[in-house]
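All remarks here apply to the structure that follows.
The values are calculated or read from the model by the stated rules, or taken from the named source; none is laboratory data. Every value quoted in this text rests on a predicted model; they were computed, and no experiment measured them. Methodologically, a virtual Cβ is constructed for each residue, glycine included, from the backbone with ideal geometry; neighbour enumeration extends over all protein chains shown.
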Amino acid sequence: MDKASRSSFLQRCRRPAGNALTGLPLALTCIGLTFLSACSREVAPSPDPLALKEARSERPERIIVYMIDTLRHDHLGTYGYSRSTSPTIDDLAAESVLFEAAYAQASWTRPSVGSLFTGLLPRKHGAVRRENALRTDVKTMAELFALAGYRGSGFISNPNVLAEFGFDRGFESYLDLESVSVDTDARQLHEAALRQLARFDGPQFLYVHTIDPHVPYEPPEPFASLFEASPIPPQHDHPMPETVSKTINLYDGEIAYADAALGDFIGELKERGLWGETLFILLSDHGEEFWDHESIQHGTTLYEEQIRVPLLVRFPGAIFGGSRVPSRVRVIDILPSLLEHLGEAIPANLDGSSFLNLVRGNLETATRPVFSELNMGKQAISSLMEGPLKLILQRGPEERQATMLYNLSLDPSEEHDLSVRNPKATRELADRIAEIDRSLERGIHIEFVNSKKQDSATRMLVRIQVESGAFRGVEWSDFEAGDRVILSDDEKSMNIELDLKNRDNPTGGQPFLLIDVDRIRFEVESPNAWVNVSVEIDGERLDSTLLLAGQAELPKKIPLPWHVQIDSDELHLGGVGLRAPVRSPEPYIRVYQVPESSHPTVTLDPLLDARLRALGYVE
C-alpha cells in the first residue's frame with residue numbers, strides 16, 4: 001500500500017481497545033541487536049555557516065515537540081531498517097537534523113519524559129518510580145518557554161505524564177484525551193492540537209504525546225497484517241519464541257500506522273501554512289525489546305534497544321535539512337539546545353548541555369558521557385557510556401546484582417561482557433557511577449580541581465569553618481596518598497591538605513588526560529550557618545573568581561540558607577549538575593549544595609492504577 005493509500009485508509013480507521021501483551025517471559029542475558037554505529041557517518045556540512053545565527057534572529061512562530069511513545073530507532077527506514085515502516089519519518093529526515101545516537105535517561109516513560117521536560121536526571125527531577133511525580137521546585141520546559149513568550153498546550157495519551165504527576169506545569173491547557181472518552185490514537189491528538197493552533201495568534205509551544213506503538217500492539221487493518229509475509233529483518237535473527245516474531249510484525253504495523261497519522265498531521269500543517277516557520281522535534285521516550293536480551297517491552301534493562309531513541313530536529317525553513325550527527329547526544333540536551341536557539345538563558349543547574357555546536361557541524365573533542373538509570377520494583381540499574389565503553393551496574397537483591405562492560409564500537413549489540421577481562425576499565429566506570437551517585441546526595445559538596453596541564457602538580461591547603469553549630473556527616477572521596485582532612489575536636493572547623501596530580505587515561509582507549517579532582521561532602525548542624533572557606537594554592541591565596549557556585553539563581557521554592565564567604569564576596573549555593581558550569585585551565589574549587597532528596601508521591605486512585613497496569617506498569 002503506497003503512502004497516499006495508507007493516508008486515505010487512515011481516515012476510516014479507529015483503533016480497537018485491547019489488553020496488554022501477556023504471557024511472554026521476562027529475563028536478562030546477553031543476546032544482541034545490531035544497530036547503526038554512533039560513528040557510522042560524517043556530519044553533513046552546514047549549507048550556510050551563518051544560517052543558525054540568522055535563524056535565531058527570527059524566532060520560530062511555533063515549537064512542536066512530538067513524542068512517539070515506545071518507538072525503537074532501528075525500526076525506522078532512515079535509521080537503516082529494511083521494512084517500509086516509516087515513509088513519513090524518512091521524508092521528515094530529509095528536512096531535519098537526524099541524530100544517529102540519541103539516548104534517553106531512563107527506559108520507561110515517566111522518568112524519561114521528566115528528563116525531557118527538565119533537562120535533569122531522573123533522581124533530580126523526582127519522577128523516578130510508579131508513584132512519584134515531578135518535584136514542584138523544578139522548572140519545566142513549558143514554564144521556561146512561557147517566560148520566553150510561548151503559550152503552551154499539551155496533548156497526551158499516556159497516563160504516566162498526567163497532570164497528577166506534575167507534567168502540566170507551565171501549559172495553559174493540558175488535555176488527556178482518554179479523560180474525555182475518545183479513542184486515544186494519534187489522529188485524535190492531532191485534531192485537538194490543530195484546533196488549538198487555530199485558536200491563538202502569536203508564538204505557541206505544543207507537546208504532542210502519542211501512545212502508538214505502545215502495547216497493546218493492535219493496529220487496525222491493513223497495518224495489522226502489513227508485514228505478515230515479510231521476513232523478520234536481520235537484526236532480529238537471533239533465537240526467540242515464535243510469539244515474539246509475530247509480535248514484531250504487529251509492532252512494525254503499529255509504527256506504520258503512527259507514521260501515516262504523522263503524515264496527515266504534517267500535511268495539515270502545510271495546508272494551513274503553518275509548517276514553514278515551525279520548529280519540529282520528533283523523538284521517543286524509550287525503545288522496545290523483543291528478546292534481544294531475553295526480555296520484552298521496556299522498563300526492564302538499560303541495553304541499547306531500550307534507551308537508544310530516534311531524534312530528528314526540523315528547524316524553520318528546513319535549514320540543515322538532511323544532515324546527520326553521529327556524535328552521542330542525550331534527551332537532557334534537548335531543553336538547553338532549544339533555549340539556546342531561542343536566545344534564552346540556560347539554567348546553570350541543568351544536567352544537559354546544548355548540542356547546537358554539533359548541528360553547526362563542529363565535532364566535539366570528546367564524546368558526551370551518557371548516564372541512564374532505572375528504578376523499578378526491587379531493582380536499581382545504572383549505565384554509563386564514556387568513549388566506546390558502556391558499563392551497566394545492576395543492584396538490588398543478591399540474585400539481581402550484575403556488572404557488565406561492553407565495547408560498543410566492536411560489540412554494538414552488547415553480546416560480549418568484558419567486565420572480567422578488563423577489570424581496570426570496569427572499576428574506572430564504576431567509580432564514575434559512584435561519583436554521580438554521590439553528587440546526588442544531600443549536603444554541601446566541594447570539588448578541588450587541578451589545572452588542565454599535562455604534568456601539573458598542585459598543592460592546596462583549605463580551611464573551612466562554620467560560625468554556628470557544627471559539621472555533620474563529613475565524607476571525602478578520590479583522595480590519594482598524602483591527602484588528608486583534619487577535623488577539630490568541636491567539629492567547627494576542618495583543615496584539608498591536598499596534592500593534586502593529573503594522569504593519563506588508564507583504560508587504554510582514546511587518549512585523554514584524567515584531571516585530578518578531590519571531593520568532600522558535609523552537612524551543617526545549624527540551618528542558618530555561615531560557612532567560611534579560605535584556600536591557598538601553591539602558597540598563594542585563591543582568587544575569588546576561581547570559586548564557582550553551582551548555579552547563579554536559587555529555585556524560589558527550595559529554602560537554601562547556606563552561604564559561602566570568601567574575600568567578602570558572598571556566594572549563594574545552588575543545585576548540582578554533572579559538570580562545573582565553568583571550566584578553568586587553572587586550579588579551582590567548585591561549591592554546590594544538594595537539598596534533601598524529594599520524590600513527591602501521588603496516591604493512585606483505582607482508575608489511574610488500572611490505566612497504568614493496562615500498559616504494563618506494575619511494581
Problem - Residue identified as surrounded by fewer than 17 Cβ atoms within 10 Å (Cβ to Cβ), at pLDDT 50 or above and under 30 Å from residue 338 (Cα atoms) among 80, 114 - result: 80
Handout entry: Matching entry among 340, 364, 344 (being assigned by TED's automatic domain parsing to the domain that holds residue 110 and crowded, with 18+ Cβ neighbours inside 10 Å)
Key = 340
Practice task
Restrict the check to the range 281-304 and report whether at least one residue is farther than 30 Å from residue 376 by Cβ and either in the same structural domain as residue 121 (by TED's automatic domain parsing) or touching a Phe, Trp or Tyr at 6+ places or on another chain (Cβ under 7 Å) (or both).
Solution key: no
Exercise for the section: Report, by residue number, each residue of the range 83-96 that is surrounded by 24 or more Cβ atoms within 10 Å (Cβ to Cβ) and more than 25 Å from residue 249 (Cα to Cα). Expected result: 96
Handout entry: Any hit, the range 256-270, residues being surrounded by fewer than 18 Cβ atoms within 10 Å (Cβ to Cβ), assigned by TED's automatic domain parsing to the domain that holds residue 356 and part of a loop (DSSP other than H, G, I, E, B)
Key = no
Fill in the blank from the handout: Restricting the range 71-125 to residues that are assigned to a helix (DSSP H, G or I) and among the hydroxyl-bearing types (Ser, Thr, Tyr), the one farthest from residue 328 (Cα to Cα) turns out to be 88
Fill in the blank from the handout: When every residue in the range 57-110 that is polar (S, T, N, Q) and within 19 Å of the chain's Cα centre (by Cα) is compared, the one farthest from residue 128 (Cα to Cα) is 70
Practice task
Answer yes if at least one residue in the range 303-314 is within 16 Å of the chain's Cα centre (by Cα) and in a loop (DSSP other than H, G, I, E, B), and no otherwise.
Solution key: yes
Exercise for the section: Output yes when any residue across the range 388-396 is within 30 Å of residue 265 (Cα to Cα), of a type outside the set (Ser, Thr, Tyr) and part of a loop (DSSP other than H, G, I, E, B), and no when none is. Expected result: no
Completion exercise
Within the range 422-449, residues surrounded by 19 or more Cβ atoms within 10 Å (Cβ to Cβ), among the small types (Gly, Ala, Ser) and either closer than 23 Å to residue 473 by Cα or assigned by TED's automatic domain parsing to the domain that holds residue 475 (or both) come out as 439, 443
